[in-house]
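The values are calculated or read from the model by the stated rules, or taken from the named source; none is laboratory data. Model, not experiment: these values are computed from the prediction. Cβ: placed from backbone, ideal geometry, glycine included. Neighbour counts: every protein chain shown.
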Amino acid sequence: MIDVELTNVTKRFGKVVAVDDISLKVKRGEFLTLLGPSGCGKTTTMRMIAGLEKPTTGVIHIREKDITFAPPYQRDASLMFQNYALFPHKTVFDNVAFGLKYGRVPKEERRKLVNEALELVHLPGIESRYPRQLSGGQQQRVALARALVVHPAVLLLDEPLSNLDRKLRERMQVELKQIQEQVGVTFIFVTHDQQEALTLSDRIAVMNQGVIEQMGTPLEIYEKPRSRFVAEFVGQSNLFEGRVIDRKDSEVVFNTTGGLTLRLSASGGATAQAGTAMHLRAERVQLCLEEPESKTQNVIPAVIERALFAGNMIQYLLRLPGGETLLATQPSTGEAPLAHDVMVWATFSPEDCLLLRG
């Protein structure tokens with residue numbers, strides 16, 4: 001079943017097109033993330049679903065009801081803001097109960113529902129505290145409880161984890177996903193953080209310049225990007241400009257602008273695109289100090305220009321023949337990174353290469 005549907009939705013601010021004719025269906029109980037850089041249209045899209053912005057053209061449905069121009073309070077949706085928007089002069093109880101009181105839920109029922117919501121977010125017994133007495137993570141949970149206590153069909157989350165430190169953000173990602181699965185509410189999550197999107201989502205809509213560049217599961221977005229933008233925005237990637245010079249039954253031969261000849265697997269539809277760029281994930285590159293004897297791998301001599309130690313991995317920037325560069329990430333083994341100007345051999349499988357459209 002479909003909980004949210006956008007059909008040919010456009011939003012203009014004067015001459016600026018913030019959202020450009022997007023169509024989108026969100027399944028019931030799904031965790032969908034709108035992912036993209038600042039200014040891509042993701043927050044505007046969410047605000048139109050919430051009723052805080054009106055579309056210039058197009059139609060929006062929530063559970064088959066046309067709510068395109070309905071006010072926010074007539075939509076079966078809750079919104080969790082980036083800054084949580086808790087009332088500083090109200091207790092936790094009154095903050096969580098605000099929507100219930102506005103909806104004229106009886107007092108005893110309100111108390112029961114608030115207690116259940118605080119239990120859900122692992123904050124029982126803090127009803128009498130004020131927001132200033134809470135940590136950032138606790139404030140985030142209170143805001144989540146307030147959004148869920150009214151039992152909405154859809155919960156809209158506008159970068160709710162961005163104000164937390166990294167360790168707390170990672171912990172809250174796990175808790176947020178567990179809560180979503182427990183309550184079964186449809187979540188539409190807005191973020192520019194690719195790791196959040198990959199970790200939390202059932203599906204991701206990658207947005208750029210007001211349009212959806214690609215929609216798919218996290219695995220599809222990461223492993224099979226359909227455009228240069230998606231390939232570069234999600235994960236650490238290498239893009240080689242060039243052209244296809246030969247096609248065989250099982251292999252595509254690609255010549256880079258720097259003069260390298262690389263082999264790509266023809267499986268997985270590699271020959272179906274008139275690609276002018278070849279995509280390769282940085283973690284798929286292996287480094288060897290001696291030239292490997294391999295007839296199945298791409299093997300390129302390279303010189304290390306820079307090595308960055310990042311705890312569990314080391315990131316290398318390599319200079320290739322012809323002046324092109326290659327990014328390679330290797331697991332940290334406890335040994336010092338390879339030094340600047342060291343000669344290595346970079347190897348990667350044709351199966352890990354993908355042709356991309358412009």
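Points to keep in mind about this one:
- Residue within region 247-256 that is within 17 Å of residue 350 (Cα to Cα), of a type in the set (A, V, I, L, M), part of a loop (DSSP other than H, G, I, E, B) and touching a helix residue (DSSP H, G or I) at 6+ places or on another chain (Cβ under 9 Å) present: no
- Filtered by the rule that a residue be under 16 Å from residue 264 (Cα atoms) and not in a helix (DSSP H, G or I), region 281-290 gives 281, 285.
- Selection status of residue 127, surrounded by 14 or more Cβ atoms within 10 Å (Cβ to Cβ), free of Cβ contacts under 8 Å to residues at least 60 places away in the same chain, more than 21 Å from residue 33 (Cα to Cα) and not polar (S, T, N, Q): yes
- Residue within region 207-226 that is buried (at least 20 other Cβ atoms within 10 Å of the Cβ), under 19 Å from residue 4 (Cα atoms), modelled with pLDDT of 95 or more and under 11 Å from the mean Cα position of the chain (by Cα) present: yes
- Restricting region 162-180 to residues that are of a type outside the set (Lys, Arg), touching a helix residue (DSSP H, G or I) at 6+ places or on another chain (Cβ under 7 Å) and surrounded by fewer than 23 Cβ atoms within 10 Å (Cβ to Cβ), the residue that is nearest to residue 83 (Cα to Cα) is 163.
One line per residue, one yes/no per condition, for (1) among the charged types (D, E, K, R); (2) part of a loop (DSSP other than H, G, I, E, B); (3) at pLDDT 95 or above:
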{"residue": "19", "(1), (2), (3)": "no, no, yes"}
{"residue": "58", "(1), (2), (3)": "no, no, yes"}
{"residue": "98", "(1), (2), (3)": "no, no, no"}
{"residue": "101", "(1), (2), (3)": "yes, no, no"}
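- One residue alone among 241, 293 is of a type in the set (Asp, Glu) and assigned to a strand (DSSP E or B), and that residue is 241.
- Which listed residue, of 35, 6, 79, is under 29 Å from residue 233 (Cα atoms), crowded, with 20+ Cβ neighbours inside 10 Å, touching a strand residue (DSSP E or B) at 6+ places or on another chain (Cβ under 8 Å) and at pLDDT below 95: 79
- Given (1) free of Cβ contacts under 8 Å to residues at least 40 places away in the same chain; (2) more than 22 Å from residue 162 (Cα to Cα); (3) of a type in the set (A, V, I, L, M), index of the condition residue 60 fails: (1)
- Where residue 253 falls short, out of the listed (1) surrounded by fewer than 12 Cβ atoms within 10 Å (Cβ to Cβ); (2) free of Cβ contacts under 8 Å to residues at least 12 places away in the same chain: (1)
- Neighbours by Cβ (under 9 Å, 6+ apart or cross-chain): first from region 329-358, more than 17 Å from residue 290 (Cβ to Cβ); second modelled with pLDDT of 95 or more and of a type in the set (Ser, Thr, Tyr): 329/316; 337/316
- Considered as a group, the residues in region 305-348 that are acidic (Asp, Glu) and surrounded by fewer than 17 Cβ atoms within 10 Å (Cβ to Cβ) include one that is nearest to residue 242 (Cα to Cα), and that residue is 305.
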